[in-house]
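Only one structure is covered here, and it is reproduced in the block below.
The values are calculated or read from the model by the stated rules, or taken from the named source; none is laboratory data. Nothing here was measured: the structure is a model prediction, and the numbers come from that model. Reconstructed Cβ throughout: ideal geometry from the backbone, glycine too, with neighbour counts over all protein chains shown. Heads up: the accessible areas ignore ligands, DNA and RNA and are worked out on the full protein's heavy atoms, side chains in. Shrake-Rupley method; radii C 1.70, N 1.55, O 1.52, S 1.80 Å.
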Amino acid sequence: MADTYDLIVLGSGPGGYVAAIRAAQLGLKTAIVERELLGGICLNWGCIPTKALLRSAEIYHFMQHAKDYGLVAEKISADLDAVVKRSRGVAKQLNQGVTHLMKKNKIAVHMGTGKLLGGGKLEVTGDKGKDVLTAKNIILATGARARDLPGTPADGKRIWTYRHAMVPPEMPTKLLVIGSGAIGIEFASFYRDMGAEVTVVEMLDRIVPVEDVDVSAHLEKALKKQGMTIMTKAGVDKLEVGASGVKATIKDKDGKATTTEFSHVIVAIGIVPNTENIGLEALGIETDRGFLKTGPDCQTNVKGVYAIGDITAPPWLAHKASHEGVIAAEAIAGLHPHAMDPRNIPGCTYCHPQIASVGLTEAKAKEAGYELKVGTFPFIGNGKAIALGEPEGFVKTIFDARTGELLGAHMIGAEVTEMIQGYVVGKTLETTEAELMETVFPHPTISETMHESVLAAYGRVIHI
């Protein structure tokens, strides 16, 4: 007889396991199905272990610049194997934490590959054969994988995806990164800090193209100063893999093609949703360019089947998936959760310098027809940033001139990935410039740049 539940969650990433926990909290008998590792890509092969790598690179960078802080550090070197081992240890610790949370919340875990059969049934194929689970509701949270370069799939030796780049068989000497989104730029930053010669190729007219144009310009300047080669409006026409490297034919913005040899290539040109062979077609679940279409409660067009995370519409971020998991679980439990507002979802990129943003860019706000008040404040005007030796960066805030609504905030510099949440809370509370101006920011902190940016938008800036 099939195991019967109130809810089955297919996939245990940051969307799936959070959905399962919230459902269990609400009294639903819940099961989770996972084909590989609890915690999914984010915890095991994405968000968390990459931050561990980047932390090691950051410390290595500071050690190399100890003299700037009045310190002496000699014969500094990096042990890539040890750096990777630490990163994998962090991932393992958190994987064990998710395992504990499943037990704590009495969530049944079924290891294997899941497939929808219709009628609330899900077939699970594992090491011991096939089993059929049934539930009134099913949440699909199968995530996504890296998109391969057409005609030249990643081989894990010379051509890498993010997954290969986290456990490199050797240290790249001359690295080509194709794509300058968050994943591409983070690995470019990591390997540059670790000593590799790095070239970034972006087909659009600027790097990190989803960010505000001022942030893109500042980051490009900073990365070039670090020794990176940045090529925008450029494309890779061909990759030829050899025993000792990869010959890349790159066409620049003027249409001139040049062939250069690299030791390794990282392909970071987007994602593909993991929706194959999970039974979508048989149920007639609607998709848009491969991604599942959902309503405000994350339900698909098929009653009782929900979808969250990277298999749905962008942005494809772990925290968005987690919040959708809560929305779906609460809707299934009969509550009436607020729908997700994508304008209030922050984005963070952990390169050096860091980037963080929420809401509309200045260009998007203008396109939407808003009359704007825009304020910018540089880190060089902030005492804490100077004391830390991190004076490069700025905060930019964008307001509706008519109502004072905070439309967007964009940051680049030290610790901005932690600071952005202040603006996210503000946007969620529908705050205006008045509340932000009246907020007392602690001194000395880099967060004071947030306050000054708001003041700058209204001609009241103090420290510049």
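Across region 138-153, in residue order, what do the Karplus-derived ³J(HN,Hα) couplings come to in whole Hz, using 6.51 cos²θ - 1.76 cosθ + 1.60 with θ = phi - 60° and x for Gly and Pro?
Along region 138-153, the couplings run 10, 10, 8, 9, 8, x, 8, 9, 5, 7, 7, 6, x, x, 9, x Hz.
Once the other residues with Cβ under 15 Å from the Cβ of Phe62 are scored (Lys, Arg +1; Asp, Glu -1), what is the net sum?
-4
Which of the peptides 332-342, 133-143, 34-44 is most tightly packed, and how do the rest follow, going by the mean number of other Cβ atoms within 10 Å of each residue?
Averaged packing, sorted descending, gives the order 133-143, 34-44, 332-342.
For the pair Ala108 and Leu71, what calculated FRET efficiency results from E = 1/(1 + (r/R0)^6), where r is the Cβ-Cβ distance and R0 = 41 Å, to the nearest 0.05?
0.15
About its Cα centre, what dipole magnitude does the chain give when the only charges are +1 on Lys and Arg Cβ and -1 on Asp and Glu Cβ, stated in debye to the nearest 20?
It comes to approximately 1040 debye.
Round to a whole number: what % of the accessible area of region 67-190 belongs to carbon and sulfur, probe 1.4 Å?
For region 67-190, the apolar C and S fraction of the accessible surface comes to 53 percent.
Report the paramagnetic label zone for Ala401: residues of region 345-387 whose backbone N is under 16 Å from a point 7 Å from Cα along the Cα-to-Cβ axis.
Residues passing the 16 Å test: 362-376.
Please give the per residue accessible area of region 197-262, computed with a probe of 1.4 Å over protein heavy atoms only, in Å².
Spelled out: the 1.4 Å probe surface of region 197-262, per residue, equals 54 Å².
List, in order, the whole-Hz ³J(HN,Hα) value for each residue of region 321-335 obtained from phi through the Karplus relation with A = 6.51, B = -1.76, C = 1.60 and θ = phi - 60°; use x for Gly and Pro.
3J(HN,Hα) across region 321-335, in whole Hz: 4, 4, 5, 5, x, 5, 4, 4, 4, 5, 5, 5, 7, x, 7.
With Cβ to Cβ distances under 10 Å as the rule, what net charge do the other residues near Thr312 carry (K, R +1; D, E -1)?
Summing Lys and Arg as +1 and Asp and Glu as -1 gives -1.
Can you pull the one-decimal nm distance between simple spin-label points at Leu388 and Lys128, each 7 Å off the Cα toward Cβ?
That separation, rounded to one decimal, is 5.1 nm.
At a 1.4 Å probe radius, carbon and sulfur cover how many percent of the accessible area of region 338-464?
On region 338-464, the fraction of accessible area on carbon and sulfur atoms equals 54 percent.
Starting at the first residue of region 261-273, write each ³J(HN,Hα) from the Karplus equation 6.51 cos²θ - 1.76 cosθ + 1.60 with θ = phi - 60°, in whole Hz, x for Gly and Pro.
9, 10, 6, 8, 10, 10, 9, 9, 10, x, 10, 10, x
For region 228-269, give the percent of accessible area contributed by carbon and sulfur heavy atoms, probe 1.4 Å, rounded to a whole number.
Carbon with sulfur: 44 percent of the solvent-accessible area.
Work from the charge dipole of region 341-425 (Cβ charges, +1 for Lys and Arg, -1 for Asp and Glu, about the Cα centre) and give the residue of Thr397, Phe379, Cys348 farthest towards its positive end.
The listed residue farthest towards the positive side: Thr397.
Quote the charge dipole size of region 39-197 about the Cα centre in Debye, to the nearest 20; the model charges only the Cβ of Lys and Arg (+1) and of Asp and Glu (-1).
760 debye
So how do 187-199, 251-263 stack up, highest first, on mean other-Cβ count within 10 Å?
Highest mean packing first, the order is 187-199, 251-263.
Compute, for region 384-464, the length of the dipole vector about the Cα centre, with Cβ point charges of +1 (Lys, Arg) and -1 (Asp, Glu) only. Units Debye, rounded to 20.
Its charge dipole is roughly 140 debye.
Please calculate how many Å² of accessible area region 72-136 carries per residue, with a 1.4 Å probe and no DNA, RNA or ligand atoms counted.
Accessible area per residue, region 72-136: 67 Å².
List the residues of region 1-24 whose backbone N lies under 17 Å from a point placed 7 Å from the Cα of Glu36 along the Cα-to-Cβ direction.
In region 1-24, the label zone of Glu36 (backbone N under 17 Å from the point 7 Å along Cα→Cβ) covers 10-17.
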